[in-house]
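Step one of this worksheet: look at the structure below.
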Amino acid sequence: MVDQTIWLAPKAISFTAVCAACADEHGFLAARVEGRLELARMHTSTTCSRGHAIRIERANHEPIGVLSALSAS
Ligand SMILES: [Zn+2]
C-alpha cells in the first residue's frame, strides 16, 4: 500500500480530504477524511475510518487534493 500525503494550504487549520485507498475500493463518497492541523504545526498524520495511514503536510502554496479547508485568517 502506498502512503497518502495531503497538502494543506498555508493558513488552513482544518480539512476535508479523500482517502485514495478507500476511494479505489469503495468510491469517492465513502472516502472522506476530516482532520485538523493547528497553525503552529507543519505536519501531522491521521488515519481514515478504515485505518489507512495519511500524512498531513502544510504547504507553502495552494494545495492539491484538498476538497475544502477553513482559513484561520
Ligand atoms: Zn482509507
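Checking each residue in region 44-66 for being at pLDDT below 85, in contact with a strand residue (DSSP E or B) (Cβ under 7 Å, 6 or more places away or on another chain) and not in a strand (DSSP E or B) picks out Pro63, Ile64, Gly65.
Looking only at residues that are among the acidic types (Asp, Glu) and in contact (Cβ under 8 Å) with a residue 12 or more places away in the chain in region 1-59, which one is farthest from the ligand (Cβ to nearest atom)? The residue in question is Glu38.
The values are calculated or read from the model by the stated rules, or taken from the named source; none is laboratory data. Quantities reported herein were computed from a predicted structural model and do not represent experimental measurements. Counting neighbours? That spans all protein chains shown, and the Cβs are built from the backbone with ideal geometry, glycine included.
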